[in-house]
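The structure appears right after this line, and notes come after that.
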Amino acid sequence: MDVVSGLLDGPRARDAFLLRSHLRAPWAMRVEDGSPLTVLPVVRGTAWVGAADRPDDPGVHLGAGDVVLLRGPGHYVVADGPSTPPQVVVGPEPDACRPVGDGPSPMQVLGVRAWGNDPDGPTVLVTGTYPVHGAVGRRVLRALPERLVLRRDEVDGALVDLFAREVVRDLPGQESVLDRLLDLVLLQCLRSWMARPGAPGWYRADADPAVGRALRALHHAPQRPWTVQSLAREVGLSRAAFARRFTALVGEPPMTYLTGWRLDLAADLLLEPDATLASVARAVGYGTPFALSAAFTRVRGVSPAQHRARGDGWGPAAARGTGGQSSRDPARSGSASAPAAAMTNTAANTPNSSPVPPRSRNGGTASGATMDAIRPTPAAQPAPVVRTAVG
């Protein structure tokens, strides 16, 4: 497995929130949901995205086929243009969506996973909020800029169109189909970004014959007792030459990188229900549980026990979630009649309810009927499985 595949294996859509918006100017929304990562393709028309709390941010104009990745938890505005004031605020549960001011929301439910102010509006957007599970996925997330724009010539337009069509379909297995399509859109964006100048050091280094080989060895077998000398022998360089080359390309010394990679893997493995500190220590290359615990506490600021007790424990989206339930729908808590109820509710029945499903894994919102109208309720899923590059 190459380094990029090993790192990108972490971010996988498992509890993604997906919505297609149909809009006619004037429209603007302020988003305060705190999601770790949002993928926002413009399917048709134009849009503008800017930071919500930075008046000096010029924002960015988007056209059909463009995709913007937004790294949370910062707030942002999506609008037809920078001069349109926000009409609604999208936030975490319980305030999933609220109008600005006292009047009714201009946004209404338009069908399964669809909303907007005009079903025939000239602008169509798809929004996918991406819960990032695990420290390996966050390693990629940390490398991203706060706002990354991919223009239409950098993204497969056919893939974006397929994604937009599938978001509003209601077929067996649709949740899994949408998860995988969101993965494909995200990974294509990441690959396009990594091909640009200024990509993360670990990506550029992967192309180097010596350092790339060393990185692949570390990712494939982090449990081996690596030293700078043994890595240098692995790639056929002297110790000093290898250390200089690795540090120059990756941005940190070999052992520092290895420690970070091992502890990211350990952080993910510790959340597995059957994992013990001893088994995790062996898997990531620490001779004893005490050695892993000491390194983990020193670098991450919490002990392995504290990390496990708080779950993933990272970011507003994680704080809002409990158990293995999805953030997609409040009705996941599980009545057998929930899917049927979801299919019979309509936007017309609840015209003034909050029109965006809550960004929470907890159930029981006051506007649940309208939330259900947007999206049928899937069956409960098990907690996500952490994938690593351990050989």
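The values are calculated or read from the model by the stated rules, or taken from the named source; none is laboratory data. Note that the structure is predicted; figures quoted are calculated from it, not measured. Cβ atoms come from the backbone with ideal geometry, glycine included; neighbour counts cover every protein chain shown.
Computed values, structure above
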{"item": "Unique match (being in a helix (DSSP H, G or I), surrounded by fewer than 17 Cβ atoms within 10 Å (Cβ to Cβ) and not polar (S, T, N, Q)) among ARG180, ARG196, ARG169", "result": "ARG180"}
{"item": "Exclusive hit being closer than 20 Å to PRO145 by Cα and among the hydrophobic types (A, V, I, L, M, F, W, C), set VAL284, VAL228, VAL250, VAL235", "result": "VAL250"}
{"item": "Residue pairs meeting the criteria (Cβ under 6 Å; at least 6 apart or on separate chains; first in contact (Cβ under 8 Å) with a residue 60 or more places away in the chain, in the stretch 277-305; second surrounded by 14 or more Cβ atoms within 10 Å (Cβ to Cβ) and of a type in the set (Val, Ile, Thr))", "result": "ALA283/VAL390"}
{"item": "All positions within the stretch 65-85 that are under 27 Å from PRO119 (Cβ atoms) and surrounded by fewer than 18 Cβ atoms within 10 Å (Cβ to Cβ)", "result": "GLY81, PRO82, SER83, THR84, PRO85"}
{"item": "Whichever residue in the stretch 53-64 is hydrophobic (A, V, I, L, M, F, W, C) and surrounded by 16 or more Cβ atoms within 10 Å (Cβ to Cβ) and, among such residues, is farthest from the chain's Cα centre (by Cα)", "result": "ALA64"}
{"item": "Pairs where the first residue, in the stretch 148-159, is buried (at least 16 other Cβ atoms within 10 Å of the Cβ) and the second is among the basic types (Lys, Arg), C-beta under 9 Å, 6+ apart", "result": "LEU148/ARG71; GLU154/ARG196"}
{"item": "Among residues of the stretch 19-31, those that are crowded, with 22+ Cβ neighbours inside 10 Å and charged (D, E, K, R), counted", "result": "1"}
{"item": "Qualifying residue in the stretch 257-266 (condition: of a type in the set (D, E, K, R), within 30 Å of the chain's Cα centre (by Cα) and not in a loop (DSSP other than H, G, I, E, B))", "result": "yes"}
{"item": "Scan of the stretch 55-82 for residues that are in contact (Cβ under 8 Å) with a residue 60 or more places away in the chain and of a type in the set (Val, Ile, Thr), ordered by number", "result": "VAL60, VAL67, VAL68"}
{"item": "Residues that are surrounded by fewer than 14 Cβ atoms within 10 Å (Cβ to Cβ) and either at pLDDT below 90 or outside any helix (DSSP H, G or I) (or both), drawn from the stretch 267-302", "result": "PRO273, ASP274, THR276, GLY287, THR288, GLY301"}
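Okay, residues lined up against (1) at pLDDT 85 or above; (2) not assigned by TED's automatic domain parsing to the domain that holds LEU125:
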residue	(1), (2)
ARG147	yes, no
ASP153	yes, no
GLY157	yes, no
VAL160	yes, no
ALA207	no, yes
HIS219	yes, yes
